[in-house]
1. Somewhere in the stretch 514-535, is a residue within 24 Å of residue 1104 (Cα to Cα), outside any loop (DSSP other than H, G, I, E, B) and in contact with a helix residue (DSSP H, G or I) (Cβ under 8 Å, 6 or more places away or on another chain)?
2. If you go through the stretch 419-451 one residue at a time, how many are polar (S, T, N, Q) and closer than 14 Å to residue 282 by Cα?
3. Scan the stretch 445-467 for residues that are assigned to a loop (DSSP other than H, G, I, E, B) and surrounded by fewer than 21 Cβ atoms within 10 Å (Cβ to Cβ) and jot them down.
4. Identify all residues within the stretch 366-395 that are in a loop (DSSP other than H, G, I, E, B) and without any contact (Cβ under 8 Å) to a residue 24 or more places away in the chain; write none if there are none.
5. Hey, could you check the stretch 741-756 for residues that are out of contact with any Gly (no Cβ under 7 Å at 6 or more places or on another chain) and small (Gly, Ala, Ser) and say which is surrounded by the fewest Cβ atoms within 10 Å (Cβ to Cβ)?
6. What do you reckon, is residue 838 among the small types (Gly, Ala, Ser) and surrounded by fewer than 18 Cβ atoms within 10 Å (Cβ to Cβ)?
7. Limited to the stretch 805-841, what total is found for residues that are in a strand (DSSP E or B) and more than 26 Å from residue 875 (Cα to Cα)?
8. How about the stretch 1033-1056: which of its residues are of a type outside the set (A, V, I, L, M), surrounded by 21 or more Cβ atoms within 10 Å (Cβ to Cβ) and more than 34 Å from the chain's Cα centre (by Cα)?
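The values are calculated or read from the model by the stated rules, or taken from the named source; none is laboratory data. Nothing here was measured: the structure is a model prediction, and the numbers come from that model. Here the Cβ positions follow ideal geometry from the backbone for every residue, glycine too, while neighbour counts run over all protein chains shown.
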Amino acid sequence: MLKKRVAFLLLLILCVPLSAQVKEKLITVDFSDLPLLEAINRIEKVSRYTFFYDANQVDVKQKVSLKVKKATAQQAMNVMLKNTDLKYEVTNTQIALFTKDKPEALEHGITIKGQVVDEHGEPIIGGNVIAEGTTNGTITNIDGCYTLTVAPDARIQISYIGYTTQTLKAGSIPAIVKLQEDSKLLQEVVVVGYGTMKKQDLTGAVASIKGSDMEKEQRQTIQDMLRTGVAGLSVGMETDAKGNTSMLIRGKSTIAASTDPLIVLDGVIYSGQMTDINPNDIERVDVLKDASSAAVYGAKAANGVVLVTTKKGGGKRPTISFNGSWGISMVNSLPEVYQGQDFVNFRQDVMKSTEYKTAATGYFDNPANMSGTELAEWLGTDTGDPTEVWLTRLRMTNTEIANYMAGRTVDWEDLTLRTALRQDYTVSVSGKKDEMSYYSSINYVKNESNNRGGKYSAIRARVNLENKVQKFLTYGVNAQFTSRDESNMYESGRSVYSSFSTSLSPYGNVYNEDGSLKLYPNDNNNATNPLLNMAYLSKKHDVNNLNASIYLKLDLPLGFSLQTTYSPRFEWTNYLYHKSADHPDSGDQGGFVERYGMKDFFWQWDNMLKWNKTFGKHAFDFTGLLNWEKFQRWKTISKNEGFQPSDNLGYGGIGYGTSPIADSDDIYRTGDALMGRLHYTYDNRYLITATVRRDGYSAFGQGNPRATFPSVALGWIFTEESFWKKLNAEWLEYAKLRLTWGKNGNRSIGEYAALMQLDPRKYMYVDPATGQLVTINTFFCYNMANPNLKWETTTSYNLGLDFTFLKGRLGGSIDVYHKSTTDLLNNRQLPSLIGYSSVKANIGEIWNRGLELSLHSTNIQNSVLTWRTTFNLMYNKNTIKHLYGIMEDITDADGKVIGRKEADDIDNGYFIDHALDEVWGYKYEGVWQENEAEEAAKYSQIPGDPKILDVDQNYKYNNDDKVFQGNTTPKVRWNMRNEFTLFKNLAISFSMYSYLGHVKKMDRFTNNNALLNTVNQIKRDYWTAENPINSYPRLGAKSPSGVTYYIYKKADFLRLDNISVGYTFPKALISPLRMEALRLNLTVKNVVYFTGWPAYDPENSDSNTPRTITFGINVTL
């Protein structure tokens, strides 16, 4: 009762009370001699009622007639059923149909009463309650209640679609019967590319996430939704206001080509940014991981496929939803720099360490406690204030010394960073009227950056329509429009916001004496003023795009259907940039302006033939595809500088410059494809899927414009076999073995990589005929053609097992895979005498092998608490098997050739039988200590310097002393999500993920930065004679001659990524306000991490990794 009162008070605060009166809708309908089933459908369309009946008892083929105008439901039922053997019961929005015939009188019958509910305690409406072996039964009402008279020894079957049937003795039925969801009956439909398929019929490795599962956690992007939901998918950390980040499926399989997975939006290949898709529009996301499931996309699918499906309309009545969220983004994991006296003390340690011989005389000691003769000896020939002399010896600038003496400091973090505000609003309308379903939404998002002046905003709109104009003809439109403002986003050298720099001295100056911003606050050119760009740069960067698909589907006899889909995508970019002539570092440039306008037009035309037919135990599903595509870009660039008389008009006055430049960067490419896929099922036990796709792409050489990508997949549901059922292994409800093989391609290279490319050069000469200076064009050829360039090809094997235990309480899948990528798109080095340094070619082979485990469980489920868990684990091993095919001799200790092997690429750090990212170099082993001074001297080092592994102990260093030191990419990744529901209304969830088995480097660990005595630094550990640690060397440490080394540390971590709390108001409270649903949410993202990595956040070392707190409200009308 207290819980309901609190909820009601919240409603009073948030909502304006509406009339609680709900007027019954009257029925107007006219039909004659229709089958009962069709009559029911007609009445449901014109009323708010839903019919329930037992199909075993009610003959839905019998003919009925009805002609009423503005009649109540009771009046309409009385007319329609008067000549039938049916009776009815009308509740609030349901009409239940029963047979009038009563079972024969039971001499000693008993009456049973009770309620049927689901796992959450919600009433099951229309559930069947029947005496086994008879027609004596009933249907549960709106409250899930039933009453039935049966024989005392009767066995009662209680059932409902999608739930496991329970059979109980009449005399021992509990008052409340709880039905469990039946995983076999639910048969979730999964998107598989150019169609859908029941999950139990899948033969490939496919992972899925439902949008509804993520709504309570207020995920801001699709990548964020996927971060803790899919085994084998790695999602990068987003740190900016936009939220865009990278994705990688089953490891890196290429050297130079893209590793991004293919994105498919509503069945159409999508070339836009993921952040242009509103997460509130998402119905589900399916990830195709193996070659078989991705084979339908052929030459684009080597990196896996992410299928995004948006919401469609449905339901009897229109649904209006509002989602609003407001939040703050806080600076987090920012590296700590030296402030105040700590800065001076650190500078003193630097000088004592780098000039240790001078330091031994006390030259860098603080004179604060010196006096008399001691102070005079310390000063020597220097004059003036001893403190100023000391600071000068520490190489502090005049500005730093003056501010130190005056006690003035600058908090650069406070000047450049802030707690940022975030807001996100979505309004959507969906429904279905007659044969037309619709879903539309509009969204506005505005996020500030933690950098002062940085921000991102976008308007995103969507319309999804589908209309069945005839029984055999359906057409539809899916359209998405996005307008985003990236003017204040990061751009190298042109970011129009302040940025925190660890190099800035706390004793620097922000302003000059005249009040203008000072270019170099430290009085040296190694650190510029972070506020300058906000004052002297202006930029406008708008991007608008329209992404649409228009389709027409024709249903044909014999299970055939045709569908044609045309999908245009337009994108318009407007970029304006101005650097003021007043910028302190403009020099004689006199202002600079750049403008460019860019239009992209990309269209695809997909034509599909489908055939779906079942013959007894044989089921066939065929998809054929014919595809064409074209992409074209028009980009015009104009630049100018040297503005006269001034550049006060900014980018609006580009014509006033005196050094104009005009350029263009247009792109044109085409492609086509032919694909066929056949899925065959025998007796719901044996499955086979065969796919072949042939692709053409204009970017490849004339010798290889096309390629073919086949795949085969087998599945066996062995729990349906008779031998398994005889084992009575009821603990394992469902199990399916999967085996797949296939080939996919990667075409992610430049449109003109296979062609010779020219660049114009201006040349001036004196025309001998006129004696005038003439400017002509010459051309520089900077790219060698390769007519044989072709696709990278990834051949994959996958063995998987899907399973469900304990009546659906535990389920999951396990997959092992092997991927071999050949014909890598890479640059082959060429002899300099050719005139080209390299040429794009197909060389090398990379393997990725791994294991994936996905589990989902319902740990606790009762009327008070439901606790569900999902867990995903991935292991991946990456190996280079071949590179350039260049062979070299293998020699023994005497120099005798004993064999040959393929050469490694030492310059780029690629080695046969090692991972792409495996570290190879000089190994840091610790610090030379004072008792090792003699040994250190043999390397021309002193105590405090780094100790580098000398493999052959010859006191010299070359490649023979370099060793492998680990991978920079995690080998193991796991994530887990837990969701708790209390009292049906309060939801609490948290998700975490972990990366294991990798190392990282951080340059500052070596303590040999040349600017240690010039600019500020991140706080660090270092060796001193008083603190002789072995982890990090002294400040200004020297390595052996010719040795460049790095210190690598383990970067394993566990991150608590998301904690969400949500409350859904009971329907009994919100129904009088004419609300369907009302939910409040509170979410904290990037809560905390645990790691042994010493450089702050291991995913984003020495940088800001924001923590966000978001409050949200969802209202459905």
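1. Here is the first cut: in the stretch 514-535, the residues within 24 Å of residue 1104 (Cα to Cα) are 520-522, 526-535.
Narrowing further to those that are outside any loop (DSSP other than H, G, I, E, B): 532-535.
So of that shortlist, the ones also in contact with a helix residue (DSSP H, G or I) (Cβ under 8 Å, 6 or more places away or on another chain) come out as none.
No, there is no match, as no residue in the stretch 514-535 is within 24 Å of residue 1104 (Cα to Cα), outside any loop (DSSP other than H, G, I, E, B) and in contact with a helix residue (DSSP H, G or I) (Cβ under 8 Å, 6 or more places away or on another chain).
2. Keep residues of the stretch 419-451 that are polar (S, T, N, Q), which gives 419, 423, 426, 428, 430, 437, 440-441, 443, 447, 449-451.
Going one step further and asking which of them are closer than 14 Å to residue 282 by Cα, we end up with 426, 428, 430, 440-441, 443.
Count: 6.
3. If we filter the stretch 445-467 for residues that are assigned to a loop (DSSP other than H, G, I, E, B), which is where we start, we get 449-450, 452-454.
Within the stretch 445-467, 452, 453 qualify.
4. Of all residues in the stretch 366-395, those in a loop (DSSP other than H, G, I, E, B) come to 366, 370-371, 380-385, 394-395.
Passing the criteria: 370, 371, 380, 381, 382, 383, 384, 385.
5. In this case the residue turns out to be 750.
6. Taking the combined requirement at face value, the residue satisfies it.
7. To start, the set of residues in the stretch 805-841 that are in a strand (DSSP E or B) comprises 805, 810-822, 825-829, 838-841.
Narrowing further to those that are more than 26 Å from residue 875 (Cα to Cα): 826-829, 838-841.
Number of matching residues: 8.
8. 1033, 1034, 1036, 1039, 1040
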